[in-house]
Amino acid sequence: MRRILFGACDIAHCSAATLFLKTEQQTLVFSQRTSDDELPSFEIPIYDQNGAANENYVVVYAAVHNQTVLIDDVYNETRFDLSGTKLFSEESGFRTVSMLTVPLSPREGEVIGLIQLLNAKDPETDEVIPFPPDIVGFVEALAAQSAVALENQNLLEAQKMLIDSLIKLIAGAIDAKSHYTGGHCARVPELAI
């Protein structure tokens, strides 16, 4: 995940980036940042209590609609509630101006996360500029490949858990089969350790 984030930051030539992951509870969590500061512990709910999409937030809008959101100037943006971004800018001293939010969607499926890039920089002057349209396509391609890689990693983790559960199930069945050898499968690993 760190490689994905820093790769996107390099491609877009921007100051900072954040990776959000979608949880099973339909929230977005901060997973990685390019800065070394502590990640926020709160989760961003995708839906409110009434079940409506919480589209006031850029990341939620991008996740729900599976669309890239490009903001040239955070302080002149009216479509979204960017008070959290502005507060972070005030507290950290890192003034966010331009923003690019790209969903991670493997194989045109459900969004599993988002990459949010902040402050595109002019390669020659290093001044903060809006994200160039040609860079957006590169970041979207990287996000698509990253989403497939993350999904593959999640599938491998699930497969490992399935195999472990199957082994425990078989061991439990063997132990339960005979009262003479019962507990053998539980004792052997303990003795080995």
Column: log10 I(q)/I(0), Debye, Cα scatterers of region 48-107, q = 0.20 Å⁻¹: -0.81
Suppose a student asked you for the relative contact order of region 84-132, using Cα pairs under 8 Å spaced at least 6 residues apart; what percent would you report? 31
In Å, the Kirkwood hydrodynamic radius from C-alpha pairs for region 80-128 sits at 12.8
If you take the alpha carbon radius of gyration of the chain and divide it by 2.2 N^0.38 Å, what ratio comes out, to two decimals? 1.37
Can you tell me, using C-alpha contacts under 8 Å and at least 6 residues apart, the relative contact order of the chain as a whole percent? 19
Which value results for Rg/Rh of region 78-182 when Rg is the Cα radius of gyration and Rh the Kirkwood radius based on the inverse mean 1/r? 1.32
Inter-part gap, Cα centre of region 34-69 to Cα centre of region 3-24, in whole angstrom, is 15
Could you tell me how many degrees, from 0 to 90 and to the nearest 10, lie between the Cα long axis of helix 133-177 and the main elongation axis, the longest principal axis, of the Cα atoms of the chain? 10
Region 1-94 - percent relative contact order, Cα under 8 Å, separation 6 or more: 15
Cα-based reach from K86 at 24 Å (exclusive), listing lysines while leaving out same-chain residues under 8 positions away: K22, K121
How long is the gain from D37 to D10 if the chain were fully straight, where each residue apart is worth 0.36 nm and the alpha carbon distance is subtracted? 7.8 nm
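Taken together, the values in this text are just the output of simple stated rules run on the coordinates, not laboratory data. Source: prediction; values computed, not measured.
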